[in-house]
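J.: Take this structure, written in structure tokens, and hold onto it; I'll ask about it next.
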Amino acid sequence: MTHREQGVQRSGLDSQVSLRSVGGLDLVISFVRKTLVIAELEARKLRHDPTELFMRAVQPMLWLLVFGQVFTRTRAIPTGQLRYIDFMAPGILAQSVLFVAIFSGITIIWERDLGIVHKFLASPTPRSALVLGKALSAGVRALSQATIIYLLALLLGVEMDWNILALLGVLLVVILGSALFSTFSLIIACLVKTRERFMGIGQVMTMPLFFASNAIYPISIMPGWLKVIAHINPLSYEVDLLRALMLGQPSANGIALDFAVLFAVTTLLILIGARLYPRVAV
């Protein structure tokens, strides 16, 4: 083979590799675009009933105003050098994110009854983009809760870290945490398929997730069996991250590990949700 023929062959191979790279990039861009469209569609629903967000904020406000204030005075829970209200604020933010996200799956059942799920399934949108888009929309809802909790914590004198990087980190954790629990909620909705059973399971799941975490007391004072549950509870890692970012305190597990756990669990749940999503229409 002459040098000219070798050059032509090499040029052809390079062109194929380049086309494959461009094709792969187009697929990624298309996936991201479709995911954002679903997220925007879901978030747009807030305009029809924005009062839902404020109603969801009532319970965490009561926790901070009543429970937090009382236990700060009594000093019944050991929190080291931190005041209890400071220790509690990140946990209540995580609780608020959990409560908003865990019931978001019921919209899947409503959409099935209205025939919207069938239209989504008939579209060329990847199932994973549908699930991820809904997860991101839950993050938008949770950001409003974060704003309310931050304002309330400021009024209560909670000593927070206002560094811009810390604030951006809190936004990321809130979105990631809400995506995790909203996808978990979607999986439950795909399995139970009825509103009544979904609401029952949602009510049963929220309190154990909340109380079996480090949201309102340190893991160190828990009994041994509860410590095991707390260490496998993803909410504990979310709270640990929020506490480190909001208060500027050292993370108990390490920020990198906390992020890795939340990201890994969220990714796994999105993959499971993408497989189960078509079942809700059956």
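J.: What pairs come up if the first residue lies in the stretch 211-236 and is more than 14 Å from residue 252 (Cα to Cα) and among the polar types (S, T, N, Q), the second is assigned to a loop (DSSP other than H, G, I, E, B) and at pLDDT below 95, and their beta carbons are under 7 Å apart, counting only those six or more places apart or on different chains?
T.: Close Cβ pairs (under 7 Å, with a partner that is assigned to a loop (DSSP other than H, G, I, E, B) and at pLDDT below 95) amount to 233/212; 233/213.
J.: Only residues that are surrounded by fewer than 12 Cβ atoms within 10 Å (Cβ to Cβ) and either modelled with pLDDT of 70 or more or assigned to a helix (DSSP H, G or I) (or both): list them for the stretch 34-59, please.
T.: 44, 47, 51, 55, 58
J.: If you don't mind, another one. Working only within the stretch 63-79, note down all residues that are in a loop (DSSP other than H, G, I, E, B) and either modelled with pLDDT under 80 or among the polar types (S, T, N, Q) (or both).
T.: Of everything in the stretch 63-79, those that are in a loop (DSSP other than H, G, I, E, B) and either modelled with pLDDT under 80 or among the polar types (S, T, N, Q) (or both) turn out to be 75, 76, 79.
J.: If I filter the stretch 136-150 for residues that are at pLDDT 80 or above, farther than 22 Å from residue 44 by Cβ and crowded, with 16+ Cβ neighbours inside 10 Å, do I get at least one hit?
T.: There is at least one residue in the stretch 136-150 that is at pLDDT 80 or above, farther than 22 Å from residue 44 by Cβ and crowded, with 16+ Cβ neighbours inside 10 Å.
J.: Let me ask something else. Considering only the stretch 245-264, state which residues are in contact (Cβ under 8 Å) with a residue 12 or more places away in the chain and either surrounded by 17 or more Cβ atoms within 10 Å (Cβ to Cβ) or among the polar types (S, T, N, Q) (or both). Quick ask: steps written out before the conclusion?
T.: Let us first name the residues in the stretch 245-264 that are in contact (Cβ under 8 Å) with a residue 12 or more places away in the chain, namely 245-249, 252-253, 255, 257-259, 261-263.
Within the stretch 245-264, 245, 246, 247, 249, 252, 253, 258, 259, 261, 262 qualify.
The values are calculated or read from the model by the stated rules, or taken from the named source; none is laboratory data. Here the structure is a predicted model, which means the values were calculated and not measured. Backbone-built Cβ (ideal geometry, glycine too); neighbour counts: all protein chains shown.
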